[in-house]
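Notes follow the structure.
The values are calculated or read from the model by the stated rules, or taken from the named source; none is laboratory data. Note that the structure is a prediction, hence the values are computed from the model and not measured. No Cβ is skipped: glycine too gets one built from the backbone with ideal geometry, and neighbour counts run over all protein chains shown.
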Amino acid sequence: MFQSQVKKCWNKPKIRSESPNFEAAFIVWLNRDGSFAKPPVPESQTVPDNSKAYQQSGLQALLKCQPYNLPIEFYDEWKHFVPVFTEPKVTS
């Protein structure tokens, strides 16, 4: 549910096929209304130069899509979590 909402806001950067797999994880804290209680924080502050645009695009998507429409009865499960953006290497 969360992933499908973020996907609509995610403008992924162009990735060359010879690039490595990309992964960006963020620590997220949400309020009951689905807005951020605190700004999302990248789980890793050090990423390779070729991954910075990917990480930044994930962060922008998280911010753009809020507030999230999530089931309030499961608030304790989604109030704090770590979503991971991944882009596997394309092989030909």
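Observations, loosely collected:
- Search result, residues across the stretch 47-69 that are more than 16 Å from the chain's Cα centre (by Cα) and not in a helix (DSSP H, G or I): PRO48
- The set of residues in the stretch 28-66 being aliphatic (A, V, I, L, M) and closer than 17 Å to TRP78 by Cα consists of VAL28, LEU30, ALA37, VAL41, LEU62, LEU63.
- Every condition in (1) surrounded by 12 or more Cβ atoms within 10 Å (Cβ to Cβ); (2) at pLDDT 90 or above holds for ALA24 except the one numbered (2).
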